[in-house]
Amino acid sequence: MISLGEAITHFAVDLFQQIRQSKEENIFYSPFSITSALAMTSLGAQGQTASEIEKVLHFNGITGSTRGGATNDPVEKSGNVHHQFQNLLTELKKPTDAYELKVANRLYAEKEFPFLQEYIDNVKKFYLASAESADFVHAAEKSRKMINSWVESQTNEKIKELFPENSIDSSTILVLVNAVYFKGKWLQEFKKENTVEEKFWLNKDTSKSVQMMKQTSRFNFTALQNMQVKILEIPYKGKELSMVVLLPDEVDGLQKLEDQLTAEKLIEWTSPQNMKEGLVDLHLPRFKVEESYDLKDTLTALGMVAAFNSADFSGMTGTRDLVVSKVVHKSFVEVNEEGTEATAATGISMTYSSGPYYDSFHCNHPFLFFIKHNKTNTILFYGRVSSP
């Protein structure tokens, strides 16, 4: 049995292995956001539709995960995946002065379409989501703008146009949206006067100039000799969230790392017993990544097929007349001397030596990174920097 955090890690790696097949350069997305939006649909799914969504999200490995939607199952079983989501969202929404983390779920339902009250109630209960009515039939464009405007407001205006023009029309019945926004300062900020222009090697032959931030401090660190990769954890103020960076030893070592990357390895490599605190000379480039993804083909490739064609979402409506038409995701991250700003939205239509010894961790070639909530071990954001 696995936890919800582990399920999200499995999904994060599955998604990455799909996306990297078509994307050469930078990648950035929120596995947490995408999982949240899909989990809200699974709440109203039945039969094969439900089991496929659960399998893709690795919910079938979670204790007490129950299939079925609001009609025949009040999803009240303790330990159930939806209960775990309720606990996770409650934890993530706890007020703190250390960083800014906003998670918002919202459901827009066609006002003339009869959704089951149990479904609406369960989405509110487990996903802390508000339900709004929309007039897709007579005012699709106005509804699209209203949804995009809400996403923009929830992501500090970083995610604009989540749903592009013509992506919502009069046949749209239900739109589920998750937005997550994070802004945190490093526990130990980089001094701006130490930032210098340095080379970042895109491959063995090509480099570009980047603004390289530098600091020597104590970090949790490990070097995996067999994998030829170093891993470093950079905590944010409050230590509740961290960025974890996976840096291959070789300039062109990223492909080997990606080819061998699995969720099990990622969990094992970054576990507290494998990371030791030590003095590290860290070089990290400033970077900004913005990405958008249409996830329909990706999710289909992972095994979520029925939801898009022969779907059974009778747990939402009592009838089998709904299919998922679109799953869109947009993300943004900016890393600088002070800290990190990251946001995303998903819409569904080694040993420490006491001597003066430093481990060096110079991110001057392509690397992977993720941002996690430490207490729940949940990966909020995941990415690859090939060209800062």
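A few points about this structure:
- Scanning segment 67-85 for residues that are of a type in the set (S, T, N, Q) and either at pLDDT 95 or above or farther than 17 Å from Ala129 by Cα (or both) yields Thr71, Asn72, Ser78, Asn80.
- Test result for Asn203, closer than 29 Å to Leu15 by Cα, in a loop (DSSP other than H, G, I, E, B) and touching an Asp or Glu at 6+ places or on another chain (Cβ under 6 Å): yes
- A count restricted to segment 223-262 and to residues that are in contact with an Asp or Glu (Cβ under 9 Å, 6 or more places away or on another chain) and either in a strand (DSSP E or B) or buried (at least 20 other Cβ atoms within 10 Å of the Cβ) (or both) stands at 8.
- Residue in segment 119-143 that is nearest to Ser167 (Cα to Cα), counting only those that are among the aliphatic types (A, V, I, L, M) and part of a helix (DSSP H, G or I): Ala140
- For segment 37-48, a residue qualifies if it is within 20 Å of Val177 (Cβ to Cβ) and either assigned to a helix (DSSP H, G or I) or of a type in the set (Asp, Glu) (or both), and the qualifying residues are Ala37, Leu38, Ala39, Met40, Thr41, Ser42.
- Number of positions in segment 271-310 that are assigned to a strand (DSSP E or B) and under 20 Å from Ile27 (Cβ atoms): 10
- Filter result for the condition that a residue is surrounded by 15 or more Cβ atoms within 10 Å (Cβ to Cβ) and within 22 Å of Thr96 (Cβ to Cβ), over Trp186, Trp150: Trp186
- Each residue in segment 266-299 was checked for being more than 27 Å from Leu202 (Cβ to Cβ), buried (at least 18 other Cβ atoms within 10 Å of the Cβ) and polar (S, T, N, Q), and 0 pass.
- Asp259 vs. criteria of a type in the set (D, E, K, R), at pLDDT 95 or above and touching a strand residue (DSSP E or B) at 6+ places or on another chain (Cβ under 8 Å): no
The values are calculated or read from the model by the stated rules, or taken from the named source; none is laboratory data. The model shown is predicted, which means the values in this text are computed figures rather than measured ones. Note: ideal-geometry Cβ built from the backbone for every residue, glycine included; neighbour counts use all protein chains shown.
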